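A.B. asks: Starting off with a structure, shown below.
The values are calculated or read from the model by the stated rules, or taken from the named source; none is laboratory data. Since this is a predicted model, take the numbers as computed values, not measurements. Heads up, the Cβs are rebuilt from the backbone with ideal geometry, glycines too, and the neighbour counts pull from every protein chain shown. For accessibility, only protein heavy atoms count, side chains too; no ligands or nucleic acids. Shrake-Rupley method; radii C 1.70, N 1.55, O 1.52, S 1.80 Å.
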Protein chains: 4
Amino acid sequence: MKKLRYAMVGGGQGAFIGAVHRKAMALDGQIELVAGALSSDPERARASGRELGLREDRSHGRWQDLLADELRGNDDERIDFVSIVTPNHMHFPVARAFAEAGIHVVCDKPLVHSSEEAAELMRVVQRSGSVFGVTYNYTGYPMVREARDMVSRGAIGAVRKVIVEYNQGWLATHLEASGQKQADWRTDPARSGLAGAIGDIGSHAENLATTVTGLELESICADLTIFVPGRRLDDDGNVLLRFTNGAKGVLIASQIEVGCENDLRLRVFGTTGTLEWHQEEPNRLLHAPIDGPLRVLTRGSPWLGEAARRATRLPTGHPEAFIEAFANVYLGVAAHIRAIQAGRAADPLDADYPRLEDGARGVRFIEKVVQSAASTAKWTSFED
Amino acid sequence: MKKLRYAMVGGGQGAFIGAVHRKAMALDGQIELVAGALSSDPERARASGRELGLREDRSHGRWQDLLADELRGNDDERIDFVSIVTPNHMHFPVARAFAEAGIHVVCDKPLVHSSEEAAELMRVVQRSGSVFGVTYNYTGYPMVREARDMVSRGAIGAVRKVIVEYNQGWLATHLEASGQKQADWRTDPARSGLAGAIGDIGSHAENLATTVTGLELESICADLTIFVPGRRLDDDGNVLLRFTNGAKGVLIASQIEVGCENDLRLRVFGTTGTLEWHQEEPNRLLHAPIDGPLRVLTRGSPWLGEAARRATRLPTGHPEAFIEAFANVYLGVAAHIRAIQAGRAADPLDADYPRLEDGARGVRFIEKVVQSAASTAKWTSFED
Amino acid sequence: MKKLRYAMVGGGQGAFIGAVHRKAMALDGQIELVAGALSSDPERARASGRELGLREDRSHGRWQDLLADELRGNDDERIDFVSIVTPNHMHFPVARAFAEAGIHVVCDKPLVHSSEEAAELMRVVQRSGSVFGVTYNYTGYPMVREARDMVSRGAIGAVRKVIVEYNQGWLATHLEASGQKQADWRTDPARSGLAGAIGDIGSHAENLATTVTGLELESICADLTIFVPGRRLDDDGNVLLRFTNGAKGVLIASQIEVGCENDLRLRVFGTTGTLEWHQEEPNRLLHAPIDGPLRVLTRGSPWLGEAARRATRLPTGHPEAFIEAFANVYLGVAAHIRAIQAGRAADPLDADYPRLEDGARGVRFIEKVVQSAASTAKWTSFED
Amino acid sequence: MKKLRYAMVGGGQGAFIGAVHRKAMALDGQIELVAGALSSDPERARASGRELGLREDRSHGRWQDLLADELRGNDDERIDFVSIVTPNHMHFPVARAFAEAGIHVVCDKPLVHSSEEAAELMRVVQRSGSVFGVTYNYTGYPMVREARDMVSRGAIGAVRKVIVEYNQGWLATHLEASGQKQADWRTDPARSGLAGAIGDIGSHAENLATTVTGLELESICADLTIFVPGRRLDDDGNVLLRFTNGAKGVLIASQIEVGCENDLRLRVFGTTGTLEWHQEEPNRLLHAPIDGPLRVLTRGSPWLGEAARRATRLPTGHPEAFIEAFANVYLGVAAHIRAIQAGRAADPLDADYPRLEDGARGVRFIEKVVQSAASTAKWTSFED
C-alpha cells in the first residue's frame, strides 16, 4: 500500500499536540510527513523541519508559502492532505485556503471561532469536494465505537440520560503567568476563542456524547466560572442538557479540579441498559443490562462489533491508548482519501472519522454555552 | 454502661428501613428496643411486635397509644427516645407529639413535607429541649467524617467546586405498579411529599455535600423529570449549585439509571486538593493534594483524625459498612442523651449526629428544587 | 422468635476479636449474651462482665466456674451455647469440657494445636451430640456462598487451579516488642501454636479455598520464613498446592507485606470459567465465563442463588461487611441449635456454618505446612 | 536526527508480534524498515515485503540472503541493526550470524533454547562488539522504570518478598488444534523450546521481577502442569523463589486461567514499603509506604524520576500503552547504536534496554524451572 503524504501546519518545537499527530500518523506506516509550515515563527518553523527530517525546500516559514509550493509542485510529490495543528485562531484561514485549493484537510478542534466561519468552511468544502476531518480523537477509541454501535443497535433501549464529564486540574493555578506555552494560548481569548475549558475540553465532551448517543441537543443551561484570579476565560463549566428526544443530561468540563488528569468519562442511561466509559481506562466499556449483572467489555474481545474490531491492533490485555485512538481518526481520513483517489465509494466502517459537520456542531455548542452562561433565562434553545 | 431503651414507630413487617435501624441500634449492645407502634395497621403492628419479642403491653396498634402509655409508665421502664421510621408523611405528627412530650426523637429523612412543618418542629424542640436526630445515615461513615474534618482544617484549601451524585436504577421501570411496598409509597405524593428522587435520595446528596464542605447554598437551577410513564413524582433530577462563598456545584439524583445500585458519591475540589468518596466503597477516601500523588486513605489507619477514629470499630481491611454508619448516627444521639441524663455537656466528638437543623435545611432544599424545576428563571435563590 | 442465650469465654477488655463476635451476635437480635468468663485474669474478667452488663453471678473469673455454674443452673436461664474466643491454646480444654457437658460450642480458629486434639474433640462431640461451629468467618460472606454454589453446580466447569492469598502487613516490624496484645500472643508459640502467619491467616485461606471449591488437598510444598528479627514463628508463607482431582494451586499468607490490610483473596479457575473474590470488596464476585465478558455479580442481585440470598440483609449497593459475615456464621449455628431444640432436622441452607471437620482439617493443614517447610522433600503428602 | 535503518527477520503475513515491533519502531519517526526476510516461506516473505513497501531487491526469501546482501551493500544504505521476530527456534542461528558479521541485533525473547546457545552468543557478541537488545518489552513501561528506580534508591527498604504473575487464559482450550498460528508454534517443543507457558510468559515475569528488584535467584521449586489434553508443553506453572539476599517469592505463569487477558503483575514488598504494578493498567504504580497511606503514582507526574520521565511521551491522563513500552526498548537500543556510531559513550538513561545478559538469564531460568519441575528435590539451585 502506497503511503499517503501530508504536510503539517503548526506543531513545531515547543508545541505539544503536533507531535502526537505525527506519532499517530507514523504508527501504522501508512502516512508520511513530507512538508510543513511548522510554526508561525519562520526561524522556529525551519528548525523544526530540520529536526523532523523535512527537505529544506519543503519546510516553510509561512503556511501561505507551503500552500503555494504545493500548488506548483509536481503530482508525484504533492501532499495528499494537510494536517492543521495550530492554536485555534489559525484553523479557519488555513483550513479555508487549503480546502479552496482542493487539498484534503484534517483540522484540530475546536474547529473555528464562530458558526459563521464554520458555515463558510462548509460552503468551501462543498464546492471543492475536499475530505475534511476534525480530530475529535477520543472517538477513535475502539470501545467508544463499540458504545456507539451498541446504542445504535438498541442494546440499551431508548436513551434517557447522559452524563459526560471532562475533568482536569492542570489550570488550578495561574499557570499561564509562568509562560507555560499550552496554558498561555489556551487562556488567551484572541487565540483560544470565546471559551476556555468549555472550548478546549467541553467540546470534546459534547462530541463524545453526541457521537455515542446520536442525540441532538434541544436546549442547555450553563454556568461558567473563572476561578483563578487574573484568568480571562472560563476554567470551569457545568451545563444541564436537554435533547430533542426528551433525554436529559449533564455536561461538566473543568480545568481546576485538582488531581484530575485527563478524566473524560461518559455514562449513557437507556431504558434497558447503561454504558460507561472512561478515557483513562480506555480498553474497557461497562455495560449494565437491566436484566443481568454488569458486563465488562474489553477491547479485542470476540463478542465486540465490527467497528471496534477494525479499530483494534492488539489482542485483549495488551493495552492500546491515546495515540492509537488518534491514529484511528487519521486512518479513517486516509481510507476516505484512498477511496476517492481510487474512484470508489469508501467503506463507511473504514472511513470512520469526525467530519466537518461535527466540527461545526462543536462550534455552535461553544457559542450556545457562552450565550447561556450570560443569560438569565433558564434554557437557551438550539433551535434558533 | 446501662443500655438506652427506645420505642420504634413504623418499621413493621414488610418495611425495609426499620429493620436496618434496629440492627444498627442492636449492633453495639448499648441500645435496646422495648416498645413500639410498628405499623399503621394495628394487626400488623402487633404481629411485628411479637416477632421482635416486644412485651404485649408495650406493642401498640397506634402511635398515639404508645405515646400515652409512655407518659403514664413508670420511670424505670420509660423509653429514652423514640425512633420514627414511617413513610415521610407521618414524620411530622409523630415527631411533634413525642418532642412536645419531652421525649428525645430520632426521625428518618426527609424530615417533613414543608418548611412550615420544619419550623414548627424547631419551635417545639426548642421549648421541650428534646434531643432530635435525623438519620442522614451516610454522615455516620468514618471516612465521611474524615473528609469533613479535612475540609474544615484546610487540607484542600478553599472549596471551589462540589459534585455530588446519588445514582440508582431500581425505579427504571414502573415498579410501583407491581405493588412493591418501597416503590409504592416513595412514588406517592401523599406519602412521599413534594418530590420523588430528589426527596428520597437527593436530600441525602444535599446533606452529604453540606456536611462535608460546611458550605451554604446561595441559589440553584434544577431540571426534574418523570421518565417512567404513569409515575407522578420526579424519578430524575439534575441541579446546578451556587454556594454563598462563590463555589459552584452539580447535584445529580436519579432512580432510573439502570445498573446503578446505591451509588452515592461526592467530589470536593479545593484550591490545594481534592477529596472523593463513594458510598459503595465506604472504607476509602481519595485525597489528591496539588503537590503530590493521589493518597488512598482507609478507615482505621493511624493517620486519620479523631472523628473518624471514634466512628471505627474494626482494624483497616476488615470492612465496615452501611449498618455501622447507621449505628454511628445512633451512637451520637445516645451520647447526647446520656450526657443530658448525667447533667453534663456532651463531648461534640461523641455527640456527632445530624441535627434538626440539618433536617430543616433538607426540607428547604427539596422545596427549592421543586420551585426551580417549575420556574423559567435560571436561578432560584435561597435567600428569600 | 425466642433469643438464644450464650456465654463467652475470653474476649474481655483489651481483646479484639471477642467484641466482634458479640456485635455479630447482637446484630440481628436473635442471640444474647447472658454469662461469661471473659478473661484468664479473674479481675479483668469481672470488670469486663460489668462493662457488658452481665449479672454479677453469671460473670466468672475462671471458665471452669462458668461451666460448673451452667451445669447447676435452672433450665430456663441456661445458655444455649458457649462461644470460645480465647487465644488458641485455650480452645482445646474449654471446647472439650463444654462439649463433654453436652453444651453446644462455637470456637474460634485455628481450632486446636494438633490433630490429636482435634481427633479427641471429634470423639467427644460425637458422643455428646453437641453442635460445634468454627468461626471461619469469611465463609459467611454472601458472595463466598454464591461462589461455592456456582462451583458446585458446574458454572465454571472442572476446577483446574486455585490461587488463594491472605496478605497482611501489620507484623512487618517487631510489633510484639511494643507489648501490643494481638501481636504478643500471635507470635508466641505457647499460645499461638505451631505456626504464626500460616496458623493465624493461612488457615483462613485454606478454609476459604476448600469451602468454595470442595476440593481436597493431596500434597503441598511449603516455604515458611521469619523475616522480622527476634520473632519465633513464621511471618510469611508460600505454599504450592496439589489437589486430589489433579488441580493445582498456590497459597500465600503473609503478615509482613507492608500496606496490605486484610487482603484475603481467592481465584478459582475452571475449564469453562473463573471466579474471583476479595475480602476487602466483599459485596462483589467476579465471574469470567469462557464465552463472554466478565460479569460483576453483586450481593443482593436477583440472579444470585438461594444460599447467598439467605445470607443477605440489605439491598444491592447498601454494603454489608465483616460483621454481617461473622453474624451469618452464628445464625447458621443458631438455626442448627433451634432445629435440635425443636426436634426437627435443620434446613441445610439455614444451618450453613463451618463445622468441627473444617476445624480439624485446618489443624492438619497447619501441621502439614510446618512439616513441609522443614522437609527437603518436594511434596508432603496428605495421605499419611 | 538521521533515522536508523533496520531489517526484520520474521514477522511476515499471519505473524502477530512482528507488526507490533514495526509499529513500535515507526512511532517516533527515528527508525525505518529498509530490508527484510519476513518469513521462512520465500513466497510469503516477498508478499509481506511488498505489503510493507520494501524495495524488491531488499526483500529476501531467506535470512541468509538478507545477511549476504547487507554485507555486500554500500555503506550508505546498509542497515544499522536487524530485528529478529521469528519463532524461538530461529533466534539462535540468525542472531549469531548477524552478530558475527558485526551487525547490531535486537532479538525477541526467550532468547534461545539453551544456556549453551546463550553462552555461544555471548562469546560472539563479545568478539564483534555488536549491540544486542532483547525485547523484554514490559521493562519499557515508564512506571516499571520508576519502580526499578525506587527500589534501587531504597524507597521501600530492603526487598523481602516478590510476587510476580503472568495470567492468561487464551490456551484454556486446545486452540492449537484449530490451526491458530500463535497457538501452533508456541505449543510445539521444536519451535517453542523446553517450555510452554513458562517460556512464553514466565520468562517475562522473571525478567520483570529481576529488573525491578535487582535481586538474583538462589534456588527455585517449580510445579509445571499440562492441563489441556493433547498439549505437549506446560500451560501452567507455579514456582517458589528464593533470592540470594534472603528474599522469598512466588512466580505464577499460566495460559489456562479463563478470563485472564494479559495480566502481568508484580508486587515487591520491602522493609519500609511496597510497590505494585499491573500491565493492564500500566500508567499507574502503587506505592504503600509503611508510615502513610497508599500513593498512586501516575506516568507523567512531576514527582517521578528521570528514567520514567525519559520514557514518557504524553502528559498524565493521556494513557500510553503496550506499543509505547515496546518503542522505549527500541529507543534504548537506538540510543546505544547512535552513541557507538558517534564514537561517544551512551548516556545510560537513554541506552536503557534489556541486554544479552538478561536474555541469557531468562534462558537459564526456563531450564531451571523445567529441571525443578522434573525433580523430587525441593530446591533446585542456581549456583551450579
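A.B. asks: Using a/c under 1.5 as the rounded threshold, could you call chain D rounded, prolate or oblate? The axes a ≥ b ≥ c are square roots of the C-alpha gyration tensor eigenvalues, and prolate needs a/b larger than b/c, oblate otherwise.
C.D. replies: Oblate is the answer for chain D, as a/c is 1.5 or above yet b/c matches or exceeds a/b.
A.B. asks: Starting from the stretch C:78-181, pick out the trypsin sites (Lys or Arg not before Pro) whose DSSP state is loop and whose Cβ has at most 14 other Cβ atoms within 10 Å. Mind dumping the intermediate values first?
C.D. replies: On the way: sites: C:R78, C:R96, C:R123, C:R127, C:R145, C:R148, C:R153, C:R160, C:K161, C:K181; in loops: C:R78, C:R153.
Passing both the DSSP loop test and the Cβ count: C:R153.
A.B. asks: A follow-up question, please. Please calculate the 1.4 Å probe accessible area of B:R299, with all protein chains present, and give it to the nearest 10 Å².
C.D. replies: 10
A.B. asks: Related question: Leaving out ligands, DNA and RNA, what percent of the accessible area of the stretch A:1-114 is carbon and sulfur, probe 1.4 Å?
C.D. replies: Values: 2050 of 4370 Å².
Answer for the stretch A:1-114 is 47 percent, counting heavy atoms of protein chains only.
A.B. asks: In addition: For every helix of n ≥ 4 consecutive DSSP H residues, a contribution of -39,500 (n - 2.57) applies; sum these over the protein assembly as shown, divide by its total residues, and give [θ] at 222 nm rounded to the nearest 500 deg cm²/dmol.
C.D. replies: On the way: 48 runs with 522 residues, N = 1536.
Calculated from helices alone, the mean residue ellipticity at 222 nm is -10500 deg cm²/dmol.
A.B. asks: With the cut-off at 23 Å, tell me which of the pairs B:K2/C:K109; B:K109/C:K2; A:K23/D:K3; B:K161/B:K368 have Cα atoms farther apart than that.
C.D. replies: Details: B:K2/C:K109 32 Å; B:K109/C:K2 32 Å; A:K23/D:K3 14 Å; B:K161/B:K368 20 Å.
Table pairs above 23 Å Cα-Cα are B:K2/C:K109; B:K109/C:K2.
A.B. asks: So what does B:K3 come to for accessible area, using a 1.4 Å probe and Å² rounded to 10?
C.D. replies: Approximately 80 Å² of B:K3 is accessible to the 1.4 Å probe.
A.B. asks: Expressed as a rounded percentage, what relative contact order does the stretch D:226-308 have, with Cα pairs under 8 Å and six or more residues apart? Mind showing how you got there, number by number?
C.D. replies: Working: 108 pairs, mean separation 11.7, N = 83.
Value for the stretch D:226-308: 14 percent.
A.B. asks: Just check the protein assembly as shown against the gyration tensor rule for me: Cα atoms, a ≥ b ≥ c as the square roots of the eigenvalues, rounded for a/c under 1.5, and otherwise prolate or oblate depending on whether a/b exceeds b/c. Each step should come with its number before you reach the end.
C.D. replies: Values: a/c = 2.32, a/b = 1.30, b/c = 1.79.
Note, shape of the protein assembly as shown comes out oblate.
A.B. asks: Can you send over the solvent-accessible area of C:L175, 1.4 Å probe, protein chains only, in Å² to the nearest 10?
C.D. replies: Ignoring ligands and nucleic acids, C:L175 comes out at about 40 Å².
A.B. asks: In percent, what relative contact order does the stretch D:65-163 have, based on Cα pairs under 8 Å that are 6 or more apart in sequence? The partial results should precede the final answer.
C.D. replies: On the way: 99 pairs, mean separation 21.2, N = 99.
The normalised contact order for the stretch D:65-163 reaches 21 percent.
A.B. asks: How large is the dipole of chain B about the Cα centre if only Lys and Arg carry +1 and Asp and Glu carry -1, each at its Cβ, rounded to the nearest 20 debye? Intermediate values should be presented prior to the final figure.
C.D. replies: Working: 44 positive and 51 negative charges, 121 e Å.
Computed charge dipole of chain B: roughly 580 debye.
A.B. asks: Another question about this same structure. Which of the helices in chain B, when you take each full DSSP H run, stretch at least 24 Å along the axis at their Cα atoms and have an average Kyte-Doolittle score of 1.0 or higher?
C.D. replies: B:322-342
A.B. asks: Nearest 5 percent is fine: what portion of the DSSP beta bridges confined to the protein assembly as shown is antiparallel?
C.D. replies: Of those bridges, close to 60 percent are antiparallel.
A.B. asks: Using the heavy atoms of the protein chains and a 1.4 angstrom probe, tell me the accessible area per residue for the protein assembly as shown in square angstrom.
C.D. replies: Details: 51380 Å² over 1536 residues.
Using a 1.4 Å probe on heavy atoms only, each residue of the protein assembly as shown averages 33 Å².
A.B. asks: Modelled label-to-label distance, C:A68 and B:Q341, 7 Å Cα→beta-carbon offset: nm?
C.D. replies: Simple spin-label model gives 3.6 nm for this pair.
A.B. asks: List for the stretch A:297-345: residues with 40 Å² or greater reduction in accessible area, all protein chains versus chain alone, probe 1.4 Å?
C.D. replies: For the stretch A:297-345, once contacts with the other chains are taken into account, A:W303, A:L314, A:G317, A:H318, A:P319, A:A321, A:F322, A:I323 lose 40 Å² or more.
A.B. asks: Further question: List the GluC sites (Glu not before Pro) in the stretch B:183-277 that DSSP assigns to loop (not H, G, I, E or B) and whose Cβ has at most 13 other Cβ atoms within 10 Å. Which are they?
C.D. replies: Loop-located and lightly packed - B:E216.
A.B. asks: Okay, moving on. Largest first, how would A:D384, A:D235 line up by accessible area (1.4 Å probe)? Let's see the in-between values first.
C.D. replies: Numbers: A:D384 120, A:D235 0 Å².
Descending accessible area places them as A:D384, A:D235.
A.B. asks: Take the alpha carbon atoms of the stretch D:281-348, find their center, do the same for the stretch B:1-16, and report the distance between the two centers in whole angstrom.
C.D. replies: If we compute the Cα centre of each part, the gap is 59 Å.
A.B. asks: Let me ask another. Could you please put A:W277, A:W63, A:W170 in sequence from largest to smallest accessible area, using a 1.4 Å probe?
C.D. replies: Values: A:W277 5, A:W63 45, A:W170 80 Å².
Descending order: A:W170, A:W63, A:W277.
A.B. asks: Return the carbon/sulfur percentage of the accessible area of the stretch A:185-256, one whole number, probe 1.4 Å, all protein chains in place.
C.D. replies: C and S atoms contribute 49 percent here.
A.B. asks: Can I ask one more? By the gyration tensor of its Cα atoms, with a ≥ b ≥ c the square roots of the eigenvalues, what is the shape of the stretch A:296-372: rounded for a/c under 1.5, prolate for a/b over b/c, or oblate?
C.D. replies: Details: a/c = 2.54, a/b = 1.27, b/c = 1.99.
Judged from the Cα gyration tensor, the stretch A:296-372 comes out oblate (a/c at least 1.5, b/c at or above a/b).
A.B. asks: Going by a 1.4 Å probe on protein heavy atoms, which residues of the stretch B:240-289 end up with at least 30 Å² less accessible surface in the whole assembly than in their chain alone?
C.D. replies: With the partner chains in place, the stretch B:240-289 has these residues losing at least 30 Å²: B:L240, B:K248, B:V250, B:I252, B:I256, B:E257, B:V258, B:E261, B:N262, B:R265, B:R267, B:F269.
A.B. asks: Where the centre of each part is set by its Cα atoms, how far does the stretch B:42-121 sit from the stretch D:168-237, in angstrom?
C.D. replies: Measuring centre to centre over Cα atoms gives 68 Å.
A.B. asks: Summarise the partner chain shielding of C:151-164 as one whole number: the mean count of Cβ atoms from other chains within 10 Å of each residue's Cβ.
C.D. replies: Working: counts 0, 0, 0, 0, 0, 2, 2, 1, 0, 10, 10, 0, 7, 0.
That average works out to 2.
A.B. asks: Also, quick follow-up: With a 1.4 Å probe, what is the total accessible area buried between chains B and C, in Å² rounded to the nearest 100? List each step's numbers first, then the result.
C.D. replies: Details: alone 15990 and 16000 Å², together 29690 Å².
Chains B and C together bury roughly 2300 Å² of accessible area.
A.B. asks: For Cα pairs less than 8 Å apart in space and 6+ apart in sequence, what is the mean separation divided by the residue count of the stretch A:4-135, i.e. the relative contact order in percent?
C.D. replies: Numbers: 239 pairs, mean separation 28.8, N = 132.
Rounded, it is 22 percent for the stretch A:4-135.
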